[in-house]
Amino acid sequence: MEAIQIQTSSKQYEVFVGEGVRSEINTFLSNHFTNLTRILIITDETVGKLHLDKLVPLLSEWNPVIFTAPSGEKAKTFEVFYDALSVALESRLDRKSVILAFGGGAVGDLSGFVAASFMRGIPFIQIPTTILAHDSAVGGKVAINHPLGKNMIGAFHQPEAVFYDLELLNTLSKQEIRSGFAEVIKHALIYNPNFYQWLKSDIHDLGSLSSEQLFESLTRGIKIKNEFVSKDEKETGIRAYLNFGHTLGHAIESEMGYGNFTHGEAVMIGMIFALKLSNEVLGLSFETEEFVNWVQELGYQTKIPVHLSAERLLAKMKQDKKSAGGSVKFVLLEQVGKPKLQELSDDFLLGQINNF
C-alpha cells in the first residue's frame, strides 16, 4: 500500500492505493470522525452487484444506508441527484454523517455533489472502482451533467480521503480499462516526458496489465494530478492543463449522448486532435502518427465519429468551462510536459475538425 498526500488550499488528505485497502476504511472512520451518526453509500447498479458485499460488512456497526444510481453517465442527471438527496433526508443524515462514493467517476461526481449540497456541505470519502477514477476521485471537482454541457453544474468539494483498492479493478471490461488509461496517458503528456516514454515502451496490451504496471501507472498519475491541484485548487490557472484532450472530448461525449461513448475514449480523440493542433500552432516536435499507431494498438478509436457535425462540436466546445466570451481555448503542448492554454478562432477550428 502507498499513501499519497494531497495538499490543497482548503484541505489535506491522503489517497491510499493498494490491494485490499478497503479493509482500512473502518479504522479511518473511527479515528477521523467524532460521533459519526449515519453513513450513506452511493453506488451504481453495476458496482452494487459486483462489489457491495465486499464493503457493507466492513461497516456493519453503522448500518449504512445504500442509494443505487444508474450505471455510467446516467447517474449524473438532475433526477438522480434529487433522488439521492431525498434518500439522505429520509434517512435523517445530518452534519455528523458521511457519504461514501463507491464506484467509478460518475458515482464519485454525483456523490461529491450530493455531499457538497446536503446541509450546505457534509464530508464524503471516495472509494473508486475504476481506472478512470484515479483522476476524478482526486482534486474535489464534483458535478452533474446538463444536456447543454458535461459537468457544468457542480462544486469544488474535497474528500476526507480516497481508498483506492486495486482488487476492485479486476472486473473492469476492456472498454472501461481503455477509458481510464486515457487519463494516465494524459497525465504523462502534460507533465512527465519520462513517464510517457515508459508507458509507450512498456504498455502494449491493456488487457494484460501486470499488477506492477497498474500500480506504477496509477500512483504516478495521482501524483501528477496533485502537482496541479495543490497549486490551483479552484482551476483559476494551471489546473486547466488537466483538461488536455477534454475540450473536444466533452463535445464528442455530449453529441454522442452521455453514456454512449466512454469519457476516456472521447478524451483520447481529443488528445490526438490537440497534439495535431500543437504541431501546427505551437511547432510541437512530436511524432503524432507514432502516437496514433500506439494507441490504436491499445484498442482506441482515433477519429471523430463520422456522423458528428463540425459545427455542432464547435458549439459544444464554446460552452466549455475554459471558454470566455464565446472564444474556444484549447490546452496544447509546446513540448511533452509543457502545456499551454491557447485561444483559437472558430474558422480555424472548423477547418481543423473537417480535415481531422
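Numbers for the structure displayed
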| quantity | calculated |
| --- | --- |
| Among the residues listed as S208, S201, the single one being surrounded by fewer than 22 Cβ atoms within 10 Å (Cβ to Cβ), among the hydroxyl-bearing types (S, T, Y), over 24 Å from I4 (Cα atoms) and modelled with pLDDT of 95 or more | S201 |
| Odd one out for P147 among (1) surrounded by fewer than 18 Cβ atoms within 10 Å (Cβ to Cβ); (2) modelled with pLDDT of 95 or more | (2) |
| The range 68-79, residues that are crowded, with 16+ Cβ neighbours inside 10 Å and in a helix (DSSP H, G or I) | G72, E73, K74, A75 |
| Enumerated strands (runs of 3 or more DSSP E) restricted to the range 132-197, each holding at least 1 residues that are under 28 Å from H32 (Cβ atoms) and of a type in the set (G, A, S) | 141-146, 149-156 |
| Residue match in the range 211-232 (condition: touching a strand residue (DSSP E or B) at 6+ places or on another chain (Cβ under 6 Å) and outside any helix (DSSP H, G or I)) | yes |
| Within the range 194-236, tally of residues that are closer than 17 Å to V138 by Cβ and among the hydroxyl-bearing types (S, T, Y) | 3 |
| All positions within the range 259-299 that are within 18 Å of the chain's Cα centre (by Cα), crowded, with 19+ Cβ neighbours inside 10 Å and either in contact (Cβ under 8 Å) with a residue 60 or more places away in the chain or assigned to a loop (DSSP other than H, G, I, E, B) (or both) | F261, T262, H263, G264, E265, V267, M268, M271 |
| Residue in the range 171-189 that is more than 28 Å from V80 (Cα to Cα), touching a strand residue (DSSP E or B) at 6+ places or on another chain (Cβ under 6 Å) and in contact (Cβ under 8 Å) with a residue 24 or more places away in the chain present | no |
| Qualifying residues in the range 115-131 (those that are part of a helix (DSSP H, G or I) and free of Cβ contacts under 8 Å to residues at least 40 places away in the same chain) - the one surrounded by the fewest Cβ atoms within 10 Å (Cβ to Cβ) | R120 |
| Answer residue from the range 91-146, given it is among the charged types (D, E, K, R) and more than 13 Å from the chain's Cα centre (by Cα) and is farthest from R22 (Cα to Cα) among those | R120 |
| Failed condition for K329, given (1) in a helix (DSSP H, G or I); (2) crowded, with 16+ Cβ neighbours inside 10 Å; (3) among the basic types (K, R) | (1) |
| Residue match in the range 215-227 (condition: surrounded by fewer than 18 Cβ atoms within 10 Å (Cβ to Cβ) and either assigned by TED's automatic domain parsing to the domain that holds F163 or among the aliphatic types (A, V, I, L, M) (or both)) | no |
| Among residues of the range 131-173, those that are closer than 18 Å to I224 by Cα and of a type in the set (S, T, N, Q), counted | 2 |
| Condition check for K11: in contact (Cβ under 8 Å) with a residue 40 or more places away in the chain, out of contact with any Ser or Thr (no Cβ under 7 Å at 6 or more places or on another chain) and closer than 19 Å to L110 by Cα | no |
| Which listed residue is in contact with a His (Cβ under 6 Å, 6 or more places away or on another chain), part of a helix (DSSP H, G or I) and crowded, with 23+ Cβ neighbours inside 10 Å, from G112, G108 | G112 |
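Residues checked against (1) surrounded by 16 or more Cβ atoms within 10 Å (Cβ to Cβ); (2) touching a helix residue (DSSP H, G or I) at 6+ places or on another chain (Cβ under 8 Å); (3) without any contact (Cβ under 8 Å) to a residue 12 or more places away in the chain; (4) not in a helix (DSSP H, G or I):
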| position | (1), (2), (3), (4) |
| --- | --- |
| T27 | no, no, yes, no |
| K49 | no, no, yes, no |
| I66 | yes, yes, no, yes |
| R92 | no, no, no, yes |
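The values are calculated or read from the model by the stated rules, or taken from the named source; none is laboratory data. Model, not experiment: these values are computed from the prediction. Note: ideal-geometry Cβ built from the backbone for every residue, glycine included; neighbour counts use all protein chains shown.
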